[in-house]
Structures are given as C-alpha cells and as structure tokens.
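Here's the structure, in structure tokens; my notes come after.
The values are calculated or read from the model by the stated rules, or taken from the named source; none is laboratory data. Keep in mind the model is a prediction, meaning the values are calculated, not measured. We place every Cβ from the backbone using ideal geometry, glycine too, and count neighbours over all the protein chains shown.
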Amino acid sequence: MAKICIFAPMSTQRKWALPALFSMKCPVCLEGFVFVNKGIFPLQNLVKLKPNCDVCHQKLISESNNGGGINYALTVIVLFLNLIWYYPIFGITYKDDSIYYFLTTSAIIAIILQPWLMRISRVIYLYLYLKTGGKDQ
C-alpha cells in the first residue's frame, strides 16, 4: 500500500488525504467513494453511507457514525465566515434593521449549504474514527 500524507505528497508514491476528504473518498484507501449517491439528490439518500468501501472493503458504518457535532461546528464556521464578508460591506448595528438582514442572510446561506455540510461532517467523522491507511481503531 502506498504511503499516505495529510497535506502534500513528498514523493509520487504518496496519496493526498485532504483532497480525498473533500472529494468524500474512503479514509483508509483514499480511493473508494463512501456515499451511496455521488450527488445530493435524492435527499432521502443524502447521508446514506455504503456499508463497505468498494476498493479496500473497510467497514464504513458504525453505531455512532452520525457526525452531528461536526455538522454543528461547520455550520457555526459558515455563520462566522458570513459575518466576515457581511459586516464590511453592509455593516451591522442594533439601531436599524441591519441585524435582522444579517440573520436572515446567514440563515438562508446555512440552509442552502446544509446538504454539503451534512455530508462533509460524516466524512470528517470517518477520517477521525478510522485510521488513515490502517484498520479500525
């Protein structure tokens, strides 16, 4: 098996773990896709994982494999990033209705991004739960 590096390969033999995480690949072999559907539609299968990786046959489903706390953290990060671009452009103050416009914009952006945030949170949970390049912990 090829050596695995988290950020950038030192040689051509290594695989990149960070691009594999964002492309939602298996945390062990960094090749097999972990979800049943590659897209977010149909929504009822949005976060449905394959039972095993197609390439390395690593078990992907566990009893506590939800990633809910990671999804919450990602949503808070999105709201904070929304504050970073919204405040310099429009300003936020309690004296007018700008705080309500900000909260409405933040809620709309968080709802639109939620399917991708839910999927990436499950993949991050898998990367934390399974050893990259190894077996179950």
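Are any of the residues in the range 35-55 small (Gly, Ala, Ser), out of contact with any Leu (no Cβ under 8 Å at 6 or more places or on another chain) and under 16 Å from Lys25 (Cβ atoms)?
yes
I'm trying to understand the selection: among the residues of the range 34-57, which are free of Cβ contacts under 8 Å to residues at least 60 places away in the same chain, farther than 15 Å from Leu130 by Cα and of a type in the set (A, V, I, L, M, F, W, C)?
Of everything in the range 34-57, those that are free of Cβ contacts under 8 Å to residues at least 60 places away in the same chain, farther than 15 Å from Leu130 by Cα and of a type in the set (A, V, I, L, M, F, W, C) turn out to be Val36, Phe41, Val55.
What residue, of Leu43, Leu74, Leu83, is over 16 Å from the mean Cα position of the chain (by Cα), closer than 26 Å to Pro115 by Cβ and at pLDDT 90 or above?
Result: Leu83 is the single residue among Leu43, Leu74, Leu83 that is over 16 Å from the mean Cα position of the chain (by Cα), closer than 26 Å to Pro115 by Cβ and at pLDDT 90 or above.
Out of all the residues in the range 66-79, is one or more within 18 Å of Leu126 (Cα to Cα) and part of a loop (DSSP other than H, G, I, E, B)?
Yes; the residues of the range 66-79 include at least one that is within 18 Å of Leu126 (Cα to Cα) and part of a loop (DSSP other than H, G, I, E, B).
Scanning for something in a helix (DSSP H, G or I) and touching a residue at least 24 places away in the same chain (Cβ under 8 Å), does the range 81-97 turn up at least one residue?
yes
If you scan the range 38-47, which residues turn out to be surrounded by 12 or more Cβ atoms within 10 Å (Cβ to Cβ) and outside any helix (DSSP H, G or I)?
Listed by number, the residues that qualify are Ile40, Leu46, Val47.
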